[in-house]
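S.K.: Sharing a structure below in structure tokens format, with a few things to ask.
The values are calculated or read from the model by the stated rules, or taken from the named source; none is laboratory data. Owing to the predicted nature of the structure, the values given are computational and were not obtained by experimental measurement. When we count neighbours, we look across all protein chains shown, and the Cβ atoms used for this are built from the backbone with ideal geometry, even at glycine.
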Amino acid sequence: MIRFLVAACLFLGTYLWGQGCVAVRPMSCSASTQLDQTGYFGAGQWQFQTSYRYFESFRHFRGSEEETHRREEGTNVINDAYSMDLGLSRMVTDRTGFSINLPVIYYTRSSLYEHYGNNTTRNPDQLRFSTNASGIGDLRLTVNHWLFDPAASGHKGNIQLGLGIKMPTGDSDVEDDFHRRATDGSDTTIVRPVDQSIQLGDGGWGFNLELQAYRYVAPSTTLYFNGFYLFNPETQNDTLSRGTLENVNPLIAYHSIADQYAARGGVNQLLSKRYGLQGSMGFRVEGVPSHDLIGSSNGYRRPGVIVSGEPSLTMPIGQVNMTLSVPFALYRNRTKSVYDLSDPEGERHGDAAFADYLINFTMSYRFSSFFKQG
């Protein structure tokens, strides 16, 4: 019998947040990390979960083709992203509960073009500078419900549905110093908003739908699926995409408040009954669409999709459950935005930087009450 299902819900969205310039916000899945028959999270129980995630994006794609010359020339953008997601869940009944998730984020982004420029005339020494953003991201509150009674015997699987609200607690207008080269060669700086990919939040209210499901196919083998979609009905926030309205197309003057999505599925296998060690292998898809499902899709955004293979290991130690997951990119595509599609010649197509892999480490702890009963 499998004690825990490794593939519950590890950073769906910025997971799962996006791998680089495609600005998928940290939106880790809010369900419990134990979703099989023996790992149910019972009525009145609490669970605290913390997840650490890291990636570095440095490969530029336009469509699904990598622009290798950017790395060879040293003009590529490099984003390093660190996130600690804090989650607290409680089951009110055996079938219904709620979860609160708050990411704590640190981003750093280095480039040439945002400062002196990529051109060797303007930037003869090809100097690279960095901008940063740190703080909390967007808070999410989700209510989850199992379709079938977890306490009933004979289940070979179950499905959990979730409905949540996303609050704009993350700063969507973080600013930093950008370097400029004066005509006499001296260095000056200006203060302006950092790139959309390292803003802490998107600045809008939204709501999300989630689906978690599992099914036993053998006593020690489970299939799993997780799905997540964040609806952002608002069009754009107040952050200027280029720090100014001068000579900027109105369609992309401000940052877009974009939808995002994620899905993952695969198989989980018990490797050691004695230690409860499990391994899983699956696939995950995450990204930002060109068009939102509700509302306008105007504003500046870099839509894109990432398909990854996702191996992971899980081991319980007492009441603590630990999971290490390292998704590796199989397919990356910087799709066309609304602005790109508005080009009557059909030639405009922006680029974005992506990572090769992510590192996710999650720990969860389950307890019955905040206070001891007298």
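S.K.: Hey, can you tell me all the residues within the stretch 46-88 that are surrounded by fewer than 18 Cβ atoms within 10 Å (Cβ to Cβ), over 29 Å from Tyr331 (Cβ atoms), over 18 Å from the mean Cα position of the chain (by Cα) and not hydrophobic (A, V, I, L, M, F, W, C)?
M.R.: None - no residue of the stretch 46-88 is surrounded by fewer than 18 Cβ atoms within 10 Å (Cβ to Cβ), over 29 Å from Tyr331 (Cβ atoms), over 18 Å from the mean Cα position of the chain (by Cα) and not hydrophobic (A, V, I, L, M, F, W, C), so the list stays empty.
S.K.: Report the residue count in the stretch 291-315 for those that are surrounded by fewer than 19 Cβ atoms within 10 Å (Cβ to Cβ) and touching a helix residue (DSSP H, G or I) at 6+ places or on another chain (Cβ under 9 Å).
M.R.: Counting residues in the stretch 291-315 that are surrounded by fewer than 19 Cβ atoms within 10 Å (Cβ to Cβ) and touching a helix residue (DSSP H, G or I) at 6+ places or on another chain (Cβ under 9 Å) gives 2.
S.K.: Looking only at the stretch 121-131, decide whether some residue is outside any loop (DSSP other than H, G, I, E, B) and charged (D, E, K, R).
M.R.: Checking the stretch 121-131: not a single residue is outside any loop (DSSP other than H, G, I, E, B) and charged (D, E, K, R).
S.K.: Just checking, how many residues over the stretch 192-238 are under 15 Å from Val267 (Cα atoms), among the hydrophobic types (A, V, I, L, M, F, W, C) and touching a Phe, Trp or Tyr at 6+ places or on another chain (Cβ under 8 Å)?
M.R.: So the count comes out to 3.
S.K.: In this structure, is Gln236 under 18 Å from Ile294 (Cβ atoms), within 15 Å of the chain's Cα centre (by Cα), at pLDDT 95 or above and among the polar types (S, T, N, Q)?
M.R.: Here the answer is no, as Gln236 does not meet what is asked.
S.K.: Quick one: in the stretch 209-233, which of the residues that are modelled with pLDDT of 95 or more and part of a loop (DSSP other than H, G, I, E, B) is surrounded by the fewest Cβ atoms within 10 Å (Cβ to Cβ)?
M.R.: Pro233
To keep it simple, each residue is scored yes or no on (1) within 16 Å of the chain's Cα centre (by Cα); (2) touching a residue at least 60 places away in the same chain (Cβ under 8 Å); (3) more than 16 Å from Thr108 (Cα to Cα); (4) outside any loop (DSSP other than H, G, I, E, B).
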position	(1), (2), (3), (4)
Asn158	no, yes, yes, yes
Leu161	no, no, yes, yes
Asp177	no, no, no, yes
Asp184	no, no, yes, no
Thr189	no, no, yes, yes
Arg192	no, no, no, yes
Ser197	yes, yes, no, yes
Phe207	yes, no, yes, yes
